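S.K.: Below are the structure tokens for one structure; questions will follow.
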Amino acid sequence: MVIEFYLNNEKKKIDIDASARLLDVLRENFGLTSVKEGCGEGECGACVVLVNGRAMNTCMIPVASIMGKSIVTMEGYKHTDRYKAIETGFMEAGSVQCGFCTPGFVMATESLLNQNPNPTDDEIKEGLSGNLCRCTGYNMIIQGVRLAIEKGAGLW
Amino acid sequence: MKENISKSILRVDSRKKINGEAKYISDWKFDNVLYAKTIRSTVAKAKILSITLPEIPAGYYIVDKNEVPGINRMQTVVSDHPVFAENDVQYIGQPILLVVGPDREIIYSIVAKIEIQYKEQEALFTLEEAEKKSTVFTDYHYRKGEPETVFQQSGQLIEDEFTTGYQEHVYLEPQGIAAEFKEDTLFVYGSMQCPFYVKNALLDTMDLPEDKIRVVQTITGGAFGGKEEFPSLTACHVAIAAHKTRHPIMMIYDRSEDILCSTKRHPSKIRYKVAFDKNNQVLALDVDVLLNAGAYNGLSPAVLQRAIFAAGGVYNIPHINVRGRNFMTNAVPSGAYRGFGAPQTIFGIEMLFYNIAVKLGVDPLEYKMRHLLKKNDPTSTGGQIREEVKLPEIIKKVIEKSDYYNKLKTNKKYQGIGISLFLHGCGFTGKGESVINGKITLEKNKDIVTLKVSSVEMGQGAETALRKIVAQTLKIPIENVIYGEVDTGLVPDSGPTVASRTTMIVGGLLRETAMEMKTRWNETEQFEISKRYEHPKYLHWDDDNFSGDAYPVYSWGANVAEVEIDPVSYEITIKNIEAVYDVGVPIDNRALKGQMQGGIAQGIGWATIEVMESENGKLKQSNLTDYKVPTSMDIPEIHCSFVLNPYEFGPFGAKCAGELPSVGVPPAVAEAVANALNKTINHLPITPEKLMEIDNGN
Amino acid sequence: MVEAFRPQNLIEALYILSENECTIIAGGTDLMVQRARGFALKPDFVFPLLFIEHLSELKQIYNNSNEIHIGACVILTDIMQNEIIPEIFKEMIGKMASPPTRNMATIGGNLCNASPAGDTLPYLYAVNAKAILQNANGVRTVPIEEFITGVKKTCLQKNEILTDIIIPDKKFDVNIYKRLGQRKGMSLTKVSLLGLADISKNRIRDIRIALGSIAPTIVRSSDIERKMINKSLDEIKQISYEISNQYDKLIKPIDDARSTAKYRKKVSLNLIKHFLENL
């Protein structure tokens, strides 16, 4: 099936099996390796990207579903001011250890703040509950989101 | 002005990890690469009668035991695991052969057509069955004092028993490895903790000269022990495939394959017999530690050693008799997991002391404090505690910060508070560090210094910590200290990245070397210094009788956990964790807190929600839908603080840290639950299902 | 390569279904995982795929003569954000899966997957929701408990699409939802209870109890509920144990990787009692 969509704000067209996982299409066909496979069952959030601005697990998306939609991965998102705020927040709070889950957490943070620019701690925890981190115990990730909100005041 | 080593700096590797530029092995590309998929045993114990292969298309290969150039055994402590199964299989998931080729879909269709005929044999699944049938791999024993005499003379005895379950590492990056030959040199790349373990395993299996094997660690997405010995096996697989096909080979596990066949924390059973003196003080302890090693012994003897050496916890017990056994079962092999056997025995001893105190009707913490080890006391293996034991200060701090006694009094039913006291031996057990004999190199080139070690960054912050130690010693900016690529062809063997040894042992060597470099700084523009670890002469260890100093020094801690239990559903909510540690001197406050919080989260998981059970050798929880690790909603705010206690041989006074939090928190949680329900907790994980039975008196 | 259809509208979709046996795919969150094969591999589908998530006919939420129509392909997040949806239903959906999954999963998918742990189902059973099914020839309306016929089984014919779910536009005085999983964050439900009630002058006027994950389908008993109508809250408290016991034989849980039958049974009875004692 020919799929047309926007990838990091560029129009793309690809002829591909409609059932292929968006995860594999992004990694294999477009070389976007910030998108990670941690579980392949929607449990870990390492493969989360933004689809029309919302965080989604790409391991659960058949590529035909993204027809006409806008996909943003870290490769595109990292050039934004919002990203810079999250990057600074995560670096200063110690949100990163092994890093495999981190791009997914950044995407989940963007999606959360996009819907709720001033979340409470419980809302942050809920908003990030689709992303697993085995290194940090989450405290410093939540703190990173807090710092990002502070650094990026007005951006969301 | 003197710089404070503990003052936090930004992690050196965080930006590339946040923005997604960091390349893990699954992100690597090789020209003409072939992918490998493992065919595994689907039965727990059997003779392989026949393997029927479909027609294999051109460009696709089968790689099995017949292709092994050297020895078909994975080298580790006990090299008993076949690289590929020979005539029999011993567990579900055991590797038999690889299907290798350029298209994953075609590999999959070949895999689907392979037929293996087994003659199934009676298998052995549980620790109970294994004990009954005495399938003992390793049987260790040590004693101190005259426990037999004390037990014979003692009238009043208490017996108790504790059990713990599996734990899966769930490093977010599943196992991944690649191999290629460049001319006649084998390169192996992958996610791993111990590049030289992998190299040594390849030396056995590939029958290549030492200078023809290079192992390169790639950015590693978490490990926690799960990438200690296991990558040696997968490395052999891809190396053999590369040898046969002369193509680069990649093998990336998905999560369910990873859970099916990778090592896990040993399920355990620990039995205690206690004799008391006339003041109800513990006089003698008899400890029987049973670990389920799975189908092959592998690294398990080393795990068992740490387990039994921690059997006495932080207590000075005059007479102690400890037996430890690894049992063979037809289950996936158990292996290294953060804490390495100590979480099991520390859970046992802490709950034992709690249970005794409750039985005696005395305050558990007070009872524990009556037995604390202090400086110059003998350890349970008859070594010596050489450092100041700051437990009294640690305990004071943790009970103040958590308001422990007030809460103990005012808690309502279903609210509980618990406290654990614990220690962790730093670095390898016994003579381990002298056997490893770690070596490091510092290379100066004008104002740039490269540190060369085989210790890896796997998330724990080794790169930042080790660069910081060198930079602060040389008083140069951290940007001027480069962490050399971890490639066994380029770096000396500073030892594996395990046993909480990297900062203390490797960092200590780097510090010492950097100090020498500083005095010689202006000698020439370019020079290098290498140093090898020397075990302090005053330490004695008898490996045959397990007597002497099992560890050069210990880190210590106390945790308070607060829980609430829903009386309707028995759901456990952890409200607060207060943790105080003595790890010598923190090398970086924030990085260390991150380590502690993460280790606590894993400990909470193991103690409460991480259920993994095997039914007839098959894991019931085989993916992340069924095996649950904590999410952001399951972990409370974790408060950590540190008591300074510089260790003279550690860099800037640092001791071990990484495993300590996972060792310490489970008994604090268990005590809190026991306290909330006024019941005994003798098993981990404590699930609502178990609590319901306990509360109903079953 | 699996054959796939991506129709422009519902009529085209129904036509395709009348000609082909298809696997209908909406959000994909259940199917893609159930059919997954492994690292970097396409999922394994047997029948041609019919993609319907984009069809605007299936994405509406509207109020029509005291009934709320929810299109089968409305995303869970959008239900949570829609103001005409009853609060308790939003609360329940907010506890489903995780934010990324809720951004993809559809309510229709949750019905058609027909899992005993389907978390929209207790509500739909409690309020007597109806499912609208269409094929190329027409429409039929089926009560929810007839739509779901067993574990992973529905009455959907091969040529039919679930197009709408209809719930009454009604709020209850008491709304209690308790969901237990293996952990607090995203997890499949081990046991759940939804309790709804209308109370006036201290007497029960309407009461609904629906339990999830403890039998092949959602457990609800109009018979038992009826016995509580017009009883005072004090009377209910007195007979709460007896009532919870009447549910005992309806609750037929299993042992699985996530919990035990024994726990599920006992806790569902506890939850019923707890609900009745705290009206």
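The values are calculated or read from the model by the stated rules, or taken from the named source; none is laboratory data. Just so it is clear, the structure is predicted and the values come from calculations on it, not from any experiment. Neighbour counts run over all protein chains shown; Cβ positions are idealised from the backbone, glycine included. The protein model used for the area step is the full one, side chains on, heavy atoms only, and it has no ligands, DNA or RNA in it. Shrake-Rupley method; radii C 1.70, N 1.55, O 1.52, S 1.80 Å.
S.K.: Can you tell me how many residues in the range A:110-156 are at the interface with another protein chain (Cβ under 9 Å from one of its Cβ atoms) and surrounded by fewer than 16 Cβ atoms within 10 Å (Cβ to Cβ)?
M.R.: Residues meeting the conditions: 2.
S.K.: Which one is surrounded by the most Cβ atoms within 10 Å (Cβ to Cβ) among residues in the range B:226-267 that are within 14 Å of another protein chain (Cβ to nearest Cβ) and among the hydrophobic types (A, V, I, L, M, F, W, C)?
M.R.: B:Ile252
S.K.: Only one of B:Ile440, B:Ile469 is in a strand (DSSP E or B), among the β-branched types (Val, Ile, Thr), touching a residue at least 12 places away in the same chain (Cβ under 8 Å) and in the same structural domain as B:Gln526 (by TED's automatic domain parsing). Can you tell me which?
M.R.: Working: B:Ile469 fails: in a strand (DSSP E or B).
From the options B:Ile440, B:Ile469, the qualifying one is B:Ile440.
S.K.: Let me ask you something else. Look at B:Val568 and say whether it is surrounded by 24 or more Cβ atoms within 10 Å (Cβ to Cβ) and more than 23 Å from A:Gly94 (Cβ to Cβ). It would help to see each step written out before you state the result.
M.R.: Details: surrounded by 24 or more Cβ atoms within 10 Å (Cβ to Cβ): no; more than 23 Å from A:Gly94 (Cβ to Cβ): yes.
It is false that B:Val568 is surrounded by 24 or more Cβ atoms within 10 Å (Cβ to Cβ) and more than 23 Å from A:Gly94 (Cβ to Cβ).
S.K.: Checking the condition among the basic types (Lys, Arg) and either more than 14 Å from every other protein chain (Cβ to nearest Cβ) or farther than 19 Å from C:Met92 by Cβ (or both), which residue from C:Lys178, C:Lys265 passes? Please lay out each step first, then the result.
M.R.: Numbers: C:Lys178 fails: either more than 14 Å from every other protein chain (Cβ to nearest Cβ) or farther than 19 Å from C:Met92 by Cβ (or both).
Exactly one of C:Lys178, C:Lys265 is among the basic types (Lys, Arg) and either more than 14 Å from every other protein chain (Cβ to nearest Cβ) or farther than 19 Å from C:Met92 by Cβ (or both), namely C:Lys265.
S.K.: Condition test on C:Asn159, is it touching a Leu at 6+ places or on another chain (Cβ under 6 Å) and either away from chain B (no Cβ under 14 Å) or open to solvent by less than 30 Å² (accessible area, probe 1.4 Å) (or both)? First the steps, then the outcome.
M.R.: Working: touching a Leu at 6+ places or on another chain (Cβ under 6 Å): yes; either away from chain B (no Cβ under 14 Å) or open to solvent by less than 30 Å² (accessible area, probe 1.4 Å) (or both): yes.
Against the criterion (touching a Leu at 6+ places or on another chain (Cβ under 6 Å) and either away from chain B (no Cβ under 14 Å) or open to solvent by less than 30 Å² (accessible area, probe 1.4 Å) (or both)), C:Asn159 qualifies.
S.K.: Right, another one. Do you know which residues across the range B:37-58 are open to solvent by 40 Å² or more (accessible area, probe 1.4 Å) and assigned to a loop (DSSP other than H, G, I, E, B)?
M.R.: B:Thr42, B:Lys45, B:Leu53, B:Glu55, B:Ile56, B:Pro57, B:Ala58
S.K.: Which condition breaks for A:Glu92 when tested against (1) in a helix (DSSP H, G or I); (2) of a type outside the set (Gly, Ala, Ser); (3) in contact (Cβ under 8 Å) with a residue 60 or more places away in the chain; (4) surrounded by fewer than 24 Cβ atoms within 10 Å (Cβ to Cβ)?
M.R.: Exception for A:Glu92: condition (3).
S.K.: Related question: Pick from the range B:513-535 the residues that are touching a residue at least 40 places away in the same chain (Cβ under 8 Å) and assigned to a helix (DSSP H, G or I): which of them is surrounded by the most Cβ atoms within 10 Å (Cβ to Cβ)?
M.R.: Here the answer is B:Ala514.
S.K.: Restricting attention to the range B:302-310, does a residue exist that is free of Cβ contacts under 8 Å to residues at least 12 places away in the same chain, outside any strand (DSSP E or B), open to solvent by 10 Å² or more (accessible area, probe 1.4 Å) and more than 14 Å from every other protein chain (Cβ to nearest Cβ)?
M.R.: No, every residue in the range B:302-310 fails to be free of Cβ contacts under 8 Å to residues at least 12 places away in the same chain, outside any strand (DSSP E or B), open to solvent by 10 Å² or more (accessible area, probe 1.4 Å) and more than 14 Å from every other protein chain (Cβ to nearest Cβ).
S.K.: Mind checking which residues of the range A:16-26 are outside any loop (DSSP other than H, G, I, E, B) and in contact (Cβ under 8 Å) with a residue 40 or more places away in the chain?
M.R.: As a first pass, look at the range A:16-26 and keep what is outside any loop (DSSP other than H, G, I, E, B): A:21-26.
Listed by number, the residues that qualify are A:Arg21, A:Leu22, A:Leu26.
S.K.: Now for a different question. Tally up the residues in the range B:540-571 that are without any contact (Cβ under 8 Å) to a residue 40 or more places away in the chain and part of a loop (DSSP other than H, G, I, E, B), please.
M.R.: Pass one, the range B:540-571, residues without any contact (Cβ under 8 Å) to a residue 40 or more places away in the chain: B:542, B:544, B:568.
Right, trim to part of a loop (DSSP other than H, G, I, E, B) and you get B:544, B:568.
The total comes to 2.
S.K.: Could you list, ordered by first residue, the pairs with Cβ atoms under 6 Å in which the first is in the range A:78-89 and within 10 Å of another protein chain (Cβ to nearest Cβ) and within 8 Å of A:Ala148 (Cα to Cα) and the second is in a helix (DSSP H, G or I) and open to solvent by 40 Å² or more (accessible area, probe 1.4 Å), at least 6 apart or interchain?
M.R.: What qualifies is A:Thr88/A:Lys151; A:Gly89/A:Lys151.
S.K.: Of all residues in the range B:59-72, which are open to solvent by less than 70 Å² (accessible area, probe 1.4 Å) and either part of a strand (DSSP E or B) or of a type in the set (S, T, N, Q) (or both)? So that I can check it myself, show each step before the final result.
M.R.: At the first step, the residues of the range B:59-72 found to be open to solvent by less than 70 Å² (accessible area, probe 1.4 Å) are B:59-64, B:67-70, B:72.
Selection gives B:Tyr61, B:Ile62, B:Val63, B:Asn72.
S.K.: Moving on. Against the definition (away from chain A (no Cβ under 14 Å), open to solvent by 40 Å² or more (accessible area, probe 1.4 Å) and more than 30 Å from B:Leu691 (Cα to Cα)), how does B:Lys413 come out, yes or no?
M.R.: Details: away from chain A (no Cβ under 14 Å): yes; open to solvent by 40 Å² or more (accessible area, probe 1.4 Å): yes; more than 30 Å from B:Leu691 (Cα to Cα): no.
So B:Lys413 does not fit the description; no.
S.K.: Next question. Of the residues that make up the range C:126-146, is at least one part of a strand (DSSP E or B) and closer than 30 Å to C:Glu277 by Cβ? Walk me through how you get there before you give the answer.
M.R.: Filtering the range C:126-146 down to residues part of a strand (DSSP E or B) leaves C:130-135, C:138-143.
After this cut, where a residue has to be closer than 30 Å to C:Glu277 by Cβ as well, the list is none.
The answer is no; no qualifying residue exists.
S.K.: Follow-up question, since we're still on this one. For residues that are within 12 Å of another protein chain (Cβ to nearest Cβ), under 21 Å from the mean Cα position of the chain (by Cα) and either of a type in the set (Phe, Trp, Tyr) or under 25 Å from C:Pro168 (Cα atoms) (or both), tally how many sit in the range C:33-64.
M.R.: 1
S.K.: Could we say that C:Tyr177 is modelled with pLDDT of 95 or more and part of a helix (DSSP H, G or I) here? Don't jump to the end; show me each part of the working.
M.R.: On the way: modelled with pLDDT of 95 or more: yes; part of a helix (DSSP H, G or I): no.
No; evaluated as a whole, the condition is false for this residue.
S.K.: Right, here's the next one. Looking at (1) modelled with pLDDT under 95; (2) part of a strand (DSSP E or B), which one does B:Gln152 not meet, given that it meets all the others?
M.R.: (2)
S.K.: Kindly provide the set of residues from the range A:27-42 that are more than 7 Å from every other protein chain (Cβ to nearest Cβ) and either surrounded by fewer than 24 Cβ atoms within 10 Å (Cβ to Cβ) or free of Cβ contacts under 8 Å to residues at least 24 places away in the same chain (or both), ordered by number.
M.R.: Result: A:Arg27, A:Asn29, A:Phe30, A:Gly31, A:Leu32.
S.K.: Mind listing just one residue for me: the one in the range C:76-108 that is of a type in the set (Val, Ile, Thr), within 22 Å of C:Val142 (Cα to Cα) and within 14 Å of the chain's Cα centre (by Cα) and, of those, farthest from the other protein chains (Cβ to nearest Cβ)?
M.R.: Of the residues in the range C:76-108, the ones of a type in the set (Val, Ile, Thr) are C:77, C:79, C:84-85, C:88, C:93, C:101, C:106-107.
So of that shortlist, the ones also within 22 Å of C:Val142 (Cα to Cα) come out as C:79, C:85, C:106-107.
From the residues that got through so far, the ones that are within 14 Å of the chain's Cα centre (by Cα) too are C:79, C:106-107.
Details: C:Ile79: 14, C:Thr106: 11, C:Ile107: 16 Å.
Applying the filter and picking the extreme gives C:Ile107.
S.K.: Exactly one condition in (1) open to solvent by less than 70 Å² (accessible area, probe 1.4 Å); (2) closer than 24 Å to B:Asp626 by Cα is not met by C:Lys152; state its number.
M.R.: (1)
S.K.: Identify, from the list B:Glu122, B:Glu129, the residue that is under 30 Å from B:Asp288 (Cα atoms), out of contact with any Ser or Thr (no Cβ under 7 Å at 6 or more places or on another chain), open to solvent by 50 Å² or more (accessible area, probe 1.4 Å) and assigned to a loop (DSSP other than H, G, I, E, B).
M.R.: Values: B:Glu129 fails: assigned to a loop (DSSP other than H, G, I, E, B).
After applying the criteria, what remains is B:Glu122.
S.K.: Still on this model: Only one of (1) open to solvent by 60 Å² or more (accessible area, probe 1.4 Å); (2) assigned to a helix (DSSP H, G or I) is not met by C:Lys252, so which one is it?
M.R.: Result: C:Lys252 fails condition (2) only.
S.K.: Further question: For the range B:1-36, which positions are part of a helix (DSSP H, G or I), surrounded by fewer than 22 Cβ atoms within 10 Å (Cβ to Cβ) and facing chain A (nearest Cβ under 7 Å)?
M.R.: Within the range B:1-36, the first condition is being part of a helix (DSSP H, G or I), and the residues that meet it are B:14-18, B:25-27.
Narrowing further to those that are surrounded by fewer than 22 Cβ atoms within 10 Å (Cβ to Cβ): B:15-16, B:27.
Within the range B:1-36, B:Arg15, B:Asp27 qualify.
S.K.: Consider C:Ile209 carefully, then state whether it is in contact (Cβ under 8 Å) with a residue 60 or more places away in the chain, more than 14 Å from every other protein chain (Cβ to nearest Cβ), closer than 19 Å to C:Asn113 by Cα and part of a strand (DSSP E or B). Before the answer, list the steps.
M.R.: Values: in contact (Cβ under 8 Å) with a residue 60 or more places away in the chain: yes; more than 14 Å from every other protein chain (Cβ to nearest Cβ): yes; closer than 19 Å to C:Asn113 by Cα: no; part of a strand (DSSP E or B): yes.
The answer is no for C:Ile209.
S.K.: Now, a different point. Would it be correct to say that B:Tyr296 is assigned by TED's automatic domain parsing to the domain that holds B:Glu613, open to solvent by less than 10 Å² (accessible area, probe 1.4 Å) and in contact (Cβ under 8 Å) with a residue 24 or more places away in the chain?
M.R.: Details: assigned by TED's automatic domain parsing to the domain that holds B:Glu613: yes; open to solvent by less than 10 Å² (accessible area, probe 1.4 Å): no; in contact (Cβ under 8 Å) with a residue 24 or more places away in the chain: yes.
For B:Tyr296, the condition - assigned by TED's automatic domain parsing to the domain that holds B:Glu613, open to solvent by less than 10 Å² (accessible area, probe 1.4 Å) and in contact (Cβ under 8 Å) with a residue 24 or more places away in the chain - is not met.
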